[in-house]
Amino acid sequence: MKPAGDGGAVATVRIVDIARMAGVSTATVDRVIHNRGKVSAGNLARIREVLERVDYRPNLIARSLASGRRYAVAVVMPRFAEGDYWADFEAGIARAEAEARRYNVEVHRFYFDQYDRTSFDALLERLRAESFDGVLLATLFAERVIPFAGELDRREIPYVFVDSDLPECHRLAYYGTSSFDAGVVAARLLFERLDPGADIVVGRILHHGDGGSNQCRERERGFRDYLARHDFRGTLHHVSLRLDDGAHNARMLDELFDCHRSIAGAVTFNSTCHILGGYLAARQRTDVRLVGYDVIARNRRMLEEGVVTALVAQRPEMQGYCGVMALCGWLVEGRRPAAVNNLPIDILLRENISYYTNNIN
């Protein structure tokens, strides 16, 4: 609403006020606002001019409650444990869920194993039998998400992406960082601390069914692009690690470091840099610079201790919150969000980590 004449409080403009200013009946204004019934061209023009002048916004939340229309939003995300990256994402979902109830929107969560594509395939089969009005979808398994998005298109169900974007799909919106640029940032953070001829370890967590998540692939693509443009003369050495097998990881890394004495850098493209960090700390390898992603508790502690050189963060709580609220706005109000909503790429160092929070203000 436009400010009141006293320059302080905001005026509440009623339908009867609009009718008076336009010189028409309240019934005519009601027909225009609710898009029902015929209105003459002259009256329509006068009413629209008044609506624009007073910046009239109907209480669509109240209208939704009065109509009794209910909506269901499906959130498709990885399972997580306390302290994991996706726990922060869930915090954003929970906050949005509380607000979504005002719109008569219910949030339903569906979980999969982020390291097992077959788990995601099984979940998609389940989703095909579910009824929902919108979907918030983590895009880890791009090869499966793309055809599923096509199914949602055919069913005219809007969907929002988080984690990484798939611009070839007709998503309502994407909320997250540019994965490619986040890879570029990590490369610069590492490369500027190394001799151009030093070798770099790329730690990868084993996935069942494919070569990793879409976001990790895009980050690595950005990482390699930066190195290719900045006279990198070393070698990237890939090593496959396991989430819960420290003995295996130690054997693999011992062998790698023994064979390649020129390794001076390391990177992981997901939130598991604490695995490499734990190894470096145990072996007292203070000569290796390590860059990773996401401010989960284990990564943060290693950054504070100086084991990790830098972390690149992407505000997961905001991704979850904004994704759900974008679907609410579209379903209830017909309010279309921007298609691409790139969030900040945060750079955390030992010197500034104590000031950082990725929570929504």
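Of note:
- Checking Gly277, Gly203, Gly265 one by one, the residue that is of a type in the set (Gly, Ala, Ser) and in a helix (DSSP H, G or I) is Gly277 and no other.
- Positions within region 126-143 being among the charged types (D, E, K, R) and either closer than 23 Å to Ile93 by Cα or touching a strand residue (DSSP E or B) at 6+ places or on another chain (Cβ under 7 Å) (or both), in sequence order: Arg126, Arg128, Glu130, Asp133
- Within region 178-201, residues that are without any contact (Cβ under 8 Å) to a residue 40 or more places away in the chain reach no partner that is of a type in the set (Lys, Arg) and surrounded by 17 or more Cβ atoms within 10 Å (Cβ to Cβ) with beta carbons closer than 8 Å at six or more positions or on different chains.
- Condition met for Asn341 (modelled with pLDDT of 95 or more and either in a helix (DSSP H, G or I) or surrounded by fewer than 22 Cβ atoms within 10 Å (Cβ to Cβ) (or both)): yes
- Residue satisfying all of: in region 286-297; in a loop (DSSP other than H, G, I, E, B) and open to solvent by less than 60 Å² (accessible area, probe 1.4 Å); farthest from Arg193 (Cα to Cα) among these: Ile296
- Checked against (1) touching a strand residue (DSSP E or B) at 6+ places or on another chain (Cβ under 9 Å); (2) open to solvent by 30 Å² or more (accessible area, probe 1.4 Å); (3) over 17 Å from Leu343 (Cα atoms); (4) in a helix (DSSP H, G or I), Phe148 meets all criteria but (2).
- Residue satisfying all of: in region 151-176; out of contact with any strand residue (DSSP E or B) (no Cβ under 6 Å at 6 or more places or on another chain) and open to solvent by less than 20 Å² (accessible area, probe 1.4 Å); farthest from Glu90 (Cα to Cα) among these: Cys169
- Scanning region 298-313 for residues that are open to solvent by less than 50 Å² (accessible area, probe 1.4 Å) and either modelled with pLDDT under 95 or more than 20 Å from Ala182 (Cα to Cα) (or both) yields Met302, Gly306, Val307.
- Filtering region 148-181 to residues that are among the basic types (Lys, Arg) and under 24 Å from Tyr85 (Cα atoms) leaves only Arg171.
- In summary, Gly42 fulfils each of the numbered conditions (1) of a type outside the set (S, T, N, Q); (2) surrounded by 12 or more Cβ atoms within 10 Å (Cβ to Cβ); (3) modelled with pLDDT of 80 or more with the single exception of condition (2).
- Total residues in region 247-279, condition more than 30 Å from the chain's Cα centre (by Cα) and either within 23 Å of Cys216 (Cα to Cα) or not polar (S, T, N, Q) (or both): 16
- Number of the exception - Leu136 against (1) in contact (Cβ under 8 Å) with a residue 40 or more places away in the chain; (2) aliphatic (A, V, I, L, M); (3) assigned to a loop (DSSP other than H, G, I, E, B): (3)
The values are calculated or read from the model by the stated rules, or taken from the named source; none is laboratory data. Remember, predicted model here, so these are calculated numbers, not experimental data. For neighbour counting, all protein chains shown are included, and Cβ atoms are generated from backbone atoms with ideal geometry for every residue, glycine included. What goes into the accessible areas is simple: the full protein's heavy atoms, side chains included, and nothing from ligands, DNA or RNA. Shrake-Rupley method; radii C 1.70, N 1.55, O 1.52, S 1.80 Å.
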